[in-house]
Amino acid sequence: MAILDRPPPDWKRPSIPCKVKLQVLINQEGRSTVCKTKLGRIEDTHFDHRPPLEARKFDTAMWDTVPPANDPGHIEAITVEQHDRRTNGPGGTKRITTRGSDSGERARTRNIRRTFDDHQGAMAAKAKGKPRPKPSKPKRKIPGRSSFPQGRKFESRRQA
């Protein structure tokens, strides 16, 4: 079997068992790892995977991430607001940026991977002597000076 860079698309994250959640809370002594404040009720507590599951390597022999998805040493108990901030980035009702958040990093990684694959395909086509694929948007020529209106369209303020 092999170790993959990320989990395969058909892999589903296993739910966190109550035993693991309880172990996480005991390890953290009932406090949030972000600001060390006491966690409230269990309904107001979220369990966050650190590092995110998308960023972990994947072992096909065990069919689980490395480290395992439900390892209590790699899960943190935090409040709902802290989990939302970590997952979606700063901001309230309107997100300013997702940079640095889990979802923003996932999107960034997908974009880098997609552009890299496109580049590799273009380089392979170039090496085989095939013509490069045409870009989806044609290039536009910047208009010259002649296309701008000539002369003064408005009266000068001094004459009025």
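Please treat every number below as a calculation from the coordinates, not as lab data. All values reported here derive from a predicted model rather than from experimental measurement. Every residue, glycine among them, receives a Cβ derived from its backbone with ideal geometry; neighbour counts consider all protein chains shown.
Spacing of the modelled spin labels on K19 and I42, each 7 Å from Cα toward Cβ, amounts to 1.5 nm.
The ranking of I142, I78, I112 by Cβ neighbour count inside 10 Å, starting from the fewest, reads I142, I112, I78.
Fewest neighbouring Cβ atoms within 10 Å first, the residues F116, F58 line up as F116, F58. With an a/c value of 1.5 or above and a/b not larger than b/c for the gyration tensor axes a ≥ b ≥ c computed over the alpha-carbon atoms, segment 1-117 is described as oblate.
Summing Lys and Arg as +1 and Asp and Glu as -1 over all other residues whose Cβ lies under 13 Å from the Cβ of K38 gives a net charge of +1. Report the net charge of residues surrounding P67, where surrounding means a beta-carbon distance below 13 angstrom and charges are Lys +1, Arg +1, Asp -1, Glu -1. Surrounding charge for P67 is 0. Sorting E81, E43 from the fewest to the most surrounding beta carbons within 10 angstrom yields E43, E81.
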